[in-house]
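Have a look at the structure below before the remarks.
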Amino acid sequence: MEEETSGQQLVRESMVEDAVELLETPIEAVEEKPSEEPYPWPVIQYDVPPYLTYHFFNQFRTPSNPNNFLKGVKWSPDGSGFLTCSDDNTFCLYNLPYDESGQLADFSSLAADTDSYAASLVMSDGESVYDYCWYPYMSSSSPETCVFASTTRDHPIHLWDATSGQLRCTYRAYDAMDEITAAFSIAFNPAGTKIFAGYNKSIRIFDIHRPGRDFTQHSTLQGNKEGQSGIISSMAFCPSHSGLLATGSYSQTTAIHREDNMELLYVLHGQEGGVTHVQFSKDGNYLYTGGRKDPYILCWDIRKTAEIVYKMYRSSETTNQRIYFDIEPRGQHLGSGGQDGSVHIYNLQTGQWVSSFRAASDTVNGFSFHPFLPMAASSSGHRRFGVIDDSHEDMLLTGDENCVSVWSFAYSASVENDVSPISGGSNGKSELDEDLHVRQEP
């Protein structure tokens, strides 16, 4: 890493101090604010390169599995930590560290070949991980809400306890031969009461309060064989609580359904490869989709789906990997990795490239903005096909390969929450009772 200048050090120290003040705001204080006072999101300055705050790579390399690589990173909804997934079927939870004064710990003095700190929890699943997601109302102050779901090959859906690392329960789907069939994608509904799971040409819905084999099933194909075919590889709910669900398929299509009755509303065609990631804009009016072996993220106006609004280029023409992208909390910019090792930032008002920064020396497959701080996390790595001899010389990696990094951005004075790239929106909070039942406030 290049030595930082005194100016960069002052900027970094200021960002860390302000970030701690934001993170240490009591939940009660936030909930007591009147609804007409929106959260003051920090305005990130993307023209200033971010500072590498924390870095991890040693934990993902073992002599028994030299070809291991990261498959994604996701911040917890309360921003207390982030979850990684790797090819050795392992989840690692990293909580943000604090020193004795209550500020974010500074590990910049550590040796370059050392991880910033160890994972808080390590959980191993049985087979290759297809998808995973956090419970949407997860809060570290309420241990009963600290859960995430995962789906793996030949296994049921698992619900993990993010405080103990133990398996809480499973949700099992069976095929016509009464054998367990695995979901390829999963998502909690906005109310946090159900798990929607994608299968081949079907979606199964589980009540989170009823583990086991009870579910409802909906075909993505209608009686006349019209609809969405193929494996449902990704899904996302509209954050504006409009009741819409978007599902991506390896058949190169994206469909939009109603959540309440799974009525098919639209089928979007235009992706060059199988769809691997879908995400709504913060106001719910736009949908962004990306695919494997496809160099473009597509923007769709769900109010007028006849044509693509614009395309955003990223380096992903030759990989089958799922490359995640994410939208900042203000809803104005989107960040995505790629095979070039860089994270690219785009303006969602115009679809134009804004800036980029070098995040790794190999494929950046995961990028996730912190839910309210001017920070982001990235993950990198890809499968390497080479002749592995006894010395493993071909598999020696640098610290910038197969790694997870946390970045701190420079930012200007906070502004009111402006979540839509074109129009305004609202950012409400929902309360969660003790048995995980969510009550939406009117």
Q: Provide a single number: the residues in region 61-80 that are modelled with pLDDT of 95 or more, in a loop (DSSP other than H, G, I, E, B) and open to solvent by less than 20 Å² (accessible area, probe 1.4 Å).
A: 2
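Residues checked against (1) crowded, with 18+ Cβ neighbours inside 10 Å; (2) within 18 Å of the chain's Cα centre (by Cα):
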{"position": "PHE82", "(1), (2)": "yes, yes"}
{"position": "CYS92", "(1), (2)": "yes, yes"}
{"position": "GLN103", "(1), (2)": "no, no"}
{"position": "ASP106", "(1), (2)": "no, no"}
{"position": "ALA119", "(1), (2)": "yes, no"}
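So, restricting to strands (runs of 3 or more DSSP E) that lie completely within region 279-333, which ones have at least 3 residues that are closer than 22 Å to PRO371 by Cα and open to solvent by less than 30 Å² (accessible area, probe 1.4 Å)? Walk me through how you get there before you give the answer.
On the way: elements: 286-291, 296-301, 310-313, 325-327.
Answer list for region 279-333: 286-291, 325-327.
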Q: Check ASP115, ASP178 and return the single one that is touching a residue at least 60 places away in the same chain (Cβ under 8 Å) and either assigned to a strand (DSSP E or B) or over 23 Å from SER234 (Cβ atoms) (or both).
A: ASP115
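Kindly indicate which of ASP115, ASP106, ASP99, ASP87 is of a type outside the set (Lys, Arg) and either at pLDDT 95 or above or more than 20 Å from TYR51 (Cβ to Cβ) (or both).
Numbers: ASP115 fails: either at pLDDT 95 or above or more than 20 Å from TYR51 (Cβ to Cβ) (or both); ASP106 fails: either at pLDDT 95 or above or more than 20 Å from TYR51 (Cβ to Cβ) (or both); ASP99 fails: either at pLDDT 95 or above or more than 20 Å from TYR51 (Cβ to Cβ) (or both).
Unique residue meeting the criteria: ASP87.
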Q: Report whether or not VAL438 is at pLDDT 65 or above and open to solvent by less than 60 Å² (accessible area, probe 1.4 Å).
A: no
Q.
So, GLU127, is that one outside any loop (DSSP other than H, G, I, E, B) and either among the charged types (D, E, K, R) or modelled with pLDDT under 95 (or both) or not?
A. no
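Quickly run through region 353-373 and pick out the residues that are in contact with a helix residue (DSSP H, G or I) (Cβ under 8 Å, 6 or more places away or on another chain) and either open to solvent by 10 Å² or more (accessible area, probe 1.4 Å) or of a type in the set (Val, Ile, Thr) (or both).
Keep residues of region 353-373 that are in contact with a helix residue (DSSP H, G or I) (Cβ under 8 Å, 6 or more places away or on another chain), which gives 372-373.
The answer is PHE372, and nothing else.
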Q. If the Cβ limit is 6 Å and pairs must be 6+ apart or interchain, which residue in region 402-420 that is in a strand (DSSP E or B) and modelled with pLDDT under 95 pairs with which residue that is open to solvent by less than 60 Å² (accessible area, probe 1.4 Å) and not basic (Lys, Arg)?
A. TYR411/PRO42; TYR411/VAL43; TYR411/ILE44; TYR411/PRO374; SER412/VAL43; SER414/PRO40; SER414/PRO42; VAL415/VAL43
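Yes or no: ASP125 within 14 Å of GLN59 (Cα to Cα), open to solvent by less than 30 Å² (accessible area, probe 1.4 Å), touching a His at 6+ places or on another chain (Cβ under 9 Å) and among the acidic types (Asp, Glu)? It would help to see each step written out before you state the result.
Numbers: within 14 Å of GLN59 (Cα to Cα): no; open to solvent by less than 30 Å² (accessible area, probe 1.4 Å): yes; touching a His at 6+ places or on another chain (Cβ under 9 Å): yes; among the acidic types (Asp, Glu): yes.
Judged against the criteria, ASP125 is not a match.
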(Q) Residues that are open to solvent by 20 Å² or more (accessible area, probe 1.4 Å), part of a loop (DSSP other than H, G, I, E, B), under 30 Å from ASP400 (Cα atoms) and of a type in the set (Ser, Thr, Tyr): does region 136-159 have at least one? (A) no
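The values are calculated or read from the model by the stated rules, or taken from the named source; none is laboratory data. The shown structure was predicted, so the numbers you read here are calculated from the model rather than taken from an experiment. Virtual Cβ from ideal backbone geometry, glycine too; neighbours counted across all protein chains shown. Accessible surface areas use protein heavy atoms only, side chains included; no ligands, DNA or RNA. Shrake-Rupley method; radii C 1.70, N 1.55, O 1.52, S 1.80 Å.
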